[in-house]
Each structure stands twice: as C-alpha cells, then as structure tokens.
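Please read the structure below before turning to the comments.
The values are calculated or read from the model by the stated rules, or taken from the named source; none is laboratory data. Quantities reported herein were computed from a predicted structural model and do not represent experimental measurements. Counting neighbours? That spans all protein chains shown, and the Cβs are built from the backbone with ideal geometry, glycine included. The accessibility values were calculated without ligands, DNA or RNA, using every heavy atom of the protein model including side chains. Shrake-Rupley method; radii C 1.70, N 1.55, O 1.52, S 1.80 Å.
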Amino acid sequence: MTRVRRAPGGPAARLRAHTGTLVLGLGAFVAVAAVAGTAARGVVQPWYALVFGVVIAVGEAARVTQLGSRESAPLGAAGALAYALLPDVHGTVSRHGVLQVVAVVGVALLAGTLPHVVRGRAPDPEYVARRLLAAGFAATLFRPLYAAGGLDPVMARGWAYGTFLVLVVLLTALCDAVVVAMVRVGGPFCPALLAELRAFGAGPGGPAGIGTAVGATGMLIALSTGVLGLWAVPVFCLPSLLVLLSFRRCAAIGQVHRQTVDALSRLPEAAGCGSPGHANRVGELAHAVGVDLGLGEVELRELAYAARMHDIGQLALADPVPGGTTLDLPAAEQRRIARLGAEVIRESGVLDRVASIVAAQADPYRDESAAPPPPLASRIIKVANAYDDLLASTDDLGARREVFARLRADAGGAYDPRVVEALAQVLERAG
C-alpha cells in the first residue's frame with residue numbers, strides 16, 4: 001500500500017535544503033564578524049547597547065509559538081529594530097554602526113535563548129540566523145546613511161523621515177519573508193512568500209499580523225528616545241508586552257482546540273469505522289495541498305482540523321461502512337454522514353468554522369442546481385479523502401496513475417480540477 005510520508009525529494013526541495021544551509025552559514029559568518037569587529041573597536045555608547053540588549057534578551061526569553069509552529073518574539077524583534085534605527089538619545093547622536101547592531105542582537109539572542117535551552121526547547125537555528133540577518137539588513141539600510149549625514153534633509157521633514165522608516169521596515173520584512181520562503185521545504189515559493197507576508201500583515205486579504213505591531217513599536221521607540229531618552233524604551237515596550245500576552249492567550253486556546261481535535265479524530269478508528277491511519281493521512285495530504293494553493297495559517301489550521309475529523313459522522317450510523325470507505329456510497333448518504341459529523345463537531349462549542357468545512361466536504365464541485373461550489377477547504381478534503389480511499393483498495397505501487405485517472409475524469413463535476421492538479425504536484429514533489 002503506497003503512502004505519502006517520505007521527505008520531499010524533488011530538485012526544488014533539494015535546492016531549498018541547500019538554501020537553508022546557506023542561510024545558516026551566512027548568519028554564523030555575520031555573527032562572528034560582528035562580534036569580532038565590535039570587540040576589536042570597542043563598544044560605542046555601551047549604555048545604549050546594554051539597555052537595548054536587555055530588552056532583546058527579555059523578549060527572546062518570553063518567546064511564544066504561533067500558529068504553524070512559528071516562533072515569535074515581538075518584544076525582542078521590536079527592540080532589535082529600534083536599536084538599528086536609533087537616531088539620537090535626548091539630543092545625543094547615536095554612533096554605533098552595523099556591526100555593533102548585529103553583535104548586540106546576537107549576544108542578546110544568546111542570553112535570551114538560555115532559559116529555553118535549560119527547559120529543553122532550543123530554538124530553530126534558522127530562526128536565530130534570520131533574526132541576525134534581519135537586524136543587519138535594517139541597520140545596513142539606515143546606519144551608514146545616518147552616520148554620513150545623508151538623512152539630514154529627510155529628517156528635517158517629519159513626514160519624509162517617517163515615510164523612510166516605514167520603507168526600511170517594509171523592506172526588512174520583505175527580505176525576511178523571501179528568506180523564509182526560499183528555505184521552506186515541501187511547497188512552492190510563491191504561496192510560501194504570500195503566507196509570510198500575510199503573517200506580517202502585508203499580504204492580500206491578510207489581517208494585520210504581529211509583524212505590523214513589531215514594526216510600529218520599533219519605529220516608535222527609535223523616534224521617542226530623541227525626546228524622552230532611554231526612558232522611552234521601557235515605556236514604549238508596553239504595546240509589545242500586550243501583544244505577547246495576547247499571543248500567549250491565543251496559544252492556550254489553540255492548545256484546547258488541538259486536544260479537542262485529537263480526541264475527536266481518534267473516535268472513528270477506535271470504533272472500527274475507519275481504516276488505520278486514514279484520518280492522519282488525509283490531514284497530511286490536505287495540509288500539503290492547502291500550502292500549495294496558498295492558504296494562510298489560520299485557514300491551514302482549520303483545514304487540518306477538518307480533514308482529521310472528516311469521518312466522525314460515521315459514528316452516528318447504525319451499520320458501519322465496510323472499511324470506513326465512504327467513496328462508493330450514494331451521494332445523498334455521503335452528504336448525510338458529513339452533516340452528522342458537523343453536528344458532532346459543533347457540540348464542542350469552539351470549532352464552528354471547522355464544522356462548516358466538514359458539513360460541505362461531500363458536496364460536489366459543481367452540480368445540476370448550479371449552486372456555488374463548497375468552500376475551498378471542503379473541496380481539498382474531498383479530493384484527499386477520495387485519493388486515500390481509492391489507493392487503500394490496492395497494494396499495487398503503480399495504482400496511483402489509475403487513481404488520478406479516475407479523479408481527473410470526475411474533475412469539474414465531483415472534484416475541483418485545481419485541487420486535483422495541486423495534489424498531483426504535491427505527490428510529485430514527494431517523489
């Protein structure tokens with residue numbers, strides 16, 4: 001029986017693996033060069049470096065995990081950005097350069113990471129490299145121009161200076177998003193880039209993300225120190241602390257949701273209403289297709305939840321479906337099972353949107369009533385479930401072609417053609 005569990009092995013995946021190694025190497029080189037250069041020249045204005053270094057270290061120590069296992073340290077990121085864009089402190093011109101910015105951020109990252117290492121939660125090396133490169137990139141755009149007096153005419157016009165800082169923040173975010181999209185293995189570049197921009201809050205249809213708050217806070221700290229001095233740093237770090245508390249609360253809610261999904265997704269298999277591993281396989285396939293089609297992180301999470309619980313309606317049947325395979329049941333019966341499952345999920349009280357996806361999973365892409373197609377997440381689950389059900393009926397390693405021939409024959413009617421082709425690309429990349 002063929003199963004899609006292998007690591008991506010296509011040329012694009014291998015290229016991204018090499019890109020990830022390059023990012024790690026570049027981050028290590030920049031860190032070593034910055035620390036060595038700063039040590040040789042001496043730390044300029046050490047009090048400034050100490051204050052911002054403490055903010056960055058505290059922010060890293062309080063790092064949280066967002067959706068999709070994305071690590072985030074809003075306070076630390078805002079402190080690093082503010083230090084890179086710092087013009088003056090209560091009338092005293094800041095004189096630190098790009099190397100010192102990277103060195104301070106690197107040392108503070110190391111200090112803030114130690115508590116996580118003690119608890120056995122060492123950060124992803126790529127995360128550390130990206131933070132160093134982002135700080136260095138922002139400092140490179142700002143500090144040489146500021147030191148040479150090139151920004152004096154711009155700073156004389158408040159609106160122009162504000163526009164310049166916004167541009168620096170946006171370019172830094174774009175640079176970081178490109179790096180993440182290049183090193184992310186298992187998906188195409190453009191959807192990965194779009195997901196990163198959505199996380200920042202700049203993508204089409206994406207809500208204002210945590211990157212927006214980080215950028216605004218960093219600029220606010222950098223600008224306010226000219227009037228308030230270093231006291232502005234702790235005062236204007238409060239918005240980032242509030243963001244951090246909000247994310248911690250969201251993480252706790254997300255944990256409750258995951259526990260609910262885990263419990264519900266195991267029920268059909270435990271009751272003999274599903275083949276072993278079917279729910280997890282459909283969940284993995286659906287998530288991969290969702291990434292390929294450019295879904296955002298919230299949409300991907302709801303898709304994964306719905307895919308894992310798509311068979312829960314079978315628990316309400318008097319007679320279990322043989323093997324748990326619903327593909328060959330009459331269309332009306334498939335829809336009835338889907339809606340029964342949606343009712344069970346709604347009883348949890350926290351997954352109403354997931355229930356709506358499950359309720360529509362058996363609806364055809366297009367039918368004679370000319371009704372609008374079901375949600376994209378439902379269409380993805382329908383194709384992934386059909387693929388796994390069809391493939392489970394044979395042990396022939398060459399059966400995948402026949403399975404796709406059947407899916408493509410029904411594309412445009414039962415199945416969304418775009419989803420079918422996205423699944424084909426996902427499996428092709430998986431080797």
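Take the Cα radius of gyration of the chain and divide it by 2.2 N^0.38 Å, with N its residue count; two decimals is plenty. Working shown, then result.
Values: Rg = 25.5 Å, N = 431, 2.2 N^0.38 = 22.1 Å.
Scaled against compact globular proteins, the figure is 1.16.
Apply the membrane-span-like helix rule to the chain: whole DSSP H runs, Cα extent along the own long axis of at least 27 Å, mean Kyte-Doolittle hydropathy at least 0.0. List the helices found.
On the way: long enough: 11-41 (44 Å, 0.99); 98-118 (31 Å, 2.11); 125-147 (32 Å, 0.52); 158-183 (38 Å, 2.11); 238-270 (48 Å, 0.43).
TM-like helix candidates: 11-41, 98-118, 125-147, 158-183, 238-270.
Sorting check: for 155-164, 229-238, which peptide has the highest mean count of neighbouring beta carbons within 10 Å, and how do the rest follow? Before the final figure, lay out each step's value.
Working: 155-164: 12.8, 229-238: 16.7.
The peptides rank, most packed first, as 229-238, 155-164.
Taking 0.36 nm per residue of sequence separation and subtracting the Cα-Cα distance, how much length would be gained by fully extending the chain between D88 and R121, in nm to one decimal? Each step should come with its number before you reach the end.
Numbers: separation 33, 0.36 × 33 = 11.88 nm, distance 3.70 nm.
Here the answer is 8.2 nm.
Which residues make up the longest stretch of the chain that has no GluC sites (Glu not before Pro) in a DSSP loop with at most 12 other Cβ atoms within 10 Å?
Details: sites that count: E347, E368.
With GluC sites (Glu not before Pro) excluded where exposed in loops, the chain gives 1-346 as its longest stretch.
Can you work out the accessible area per residue across the chain, with the rest of the protein chains kept in place, probe 1.4 Å, in square angstrom? Before the final figure, lay out each step's value.
Values: 20210 Å² over 431 residues.
That works out to 47 Å² per residue.
Could you give the nm distance between label points at V166 and E428, where each point is 7 Å from its Cα heading toward the beta carbon?
In this crude spin-label approximation the distance works out to 4.2 nm.
Name the residue from A156, G215, F236 whose Cα lies farthest towards the positive end of the charge dipole of the chain, charges +1 on Cβ of Lys and Arg and -1 on Cβ of Asp and Glu.
A156
According to the square roots a ≥ b ≥ c of the eigenvalues of the Cα gyration tensor, what is the shape class of the stretch 31-115, taking rounded for a/c under 1.5, prolate for a/b larger than b/c otherwise, and oblate for the remainder? Please list the in-between numbers first.
Details: a/c = 2.36, a/b = 1.60, b/c = 1.48.
Judged from the Cα gyration tensor, the stretch 31-115 comes out prolate (a/c at least 1.5, a/b above b/c).
Name the shape class, rounded, prolate or oblate, that the alpha-carbon gyration tensor gives for the stretch 88-197, where a ≥ b ≥ c are the square roots of its eigenvalues, rounded holds for a/c under 1.5, and otherwise prolate holds if a/b is larger than b/c and oblate otherwise. Walk me through the intermediate numbers first.
Details: a/c = 2.99, a/b = 1.41, b/c = 2.11.
Cα axes put the stretch 88-197 in the oblate bin.
Let's see if you can work this out: charge +1 on each Lys and Arg Cβ, -1 on each Asp and Glu Cβ, no other charges. What is the dipole magnitude of the chain about its Cα centre, in debye to the nearest 20? Provide the component values of the computation, followed by the final result.
Working: 38 positive and 34 negative charges, 234 e Å.
Dipole about the Cα centre, nearest 20: 1120 debye.
Using 1/(1 + (r/R0)^6) with R0 = 41 angstrom and r between the beta carbons of Q255 and W47, what's the FRET efficiency to the nearest 0.05?
Details: r = 41 Å, r/R0 = 0.99.
My answer for the efficiency is 0.50.
Give me the percent of accessible area attributable to carbon and sulfur for the chain, probe 1.4 angstrom. Mind dumping the intermediate values first?
Details: 13120 of 20210 Å².
Exposed carbon and sulfur together represent 65 percent of the surface.
Mind checking which of D311, D416, D328 has the largest fluctuation in a GNM of the chain, springs on alpha carbons under 10 Å?
Result for the chain, Cα springs under 10 Å: D328 fluctuates most.
Using only Cα atoms, figure out Rg for the stretch 223-355 and give it as a multiple of 2.2 N^0.38 Å.
On the way: Rg = 21.4 Å, N = 133, 2.2 N^0.38 = 14.1 Å.
Here the answer is 1.51, to two decimals.
Whose amide H sits under 5 Å from the amide H of Y415, counting only residues 5 or more places off or on another chain, with H placed in the peptide plane?
Y365
Can you tell me the relative contact order of the chain? Whole percent, Cα pairs under 8 Å, sequence separation 6 or more. Display every interim value, and only then the final one.
On the way: 608 pairs, mean separation 75.8, N = 431.
Contact order relative to length: 18 percent.
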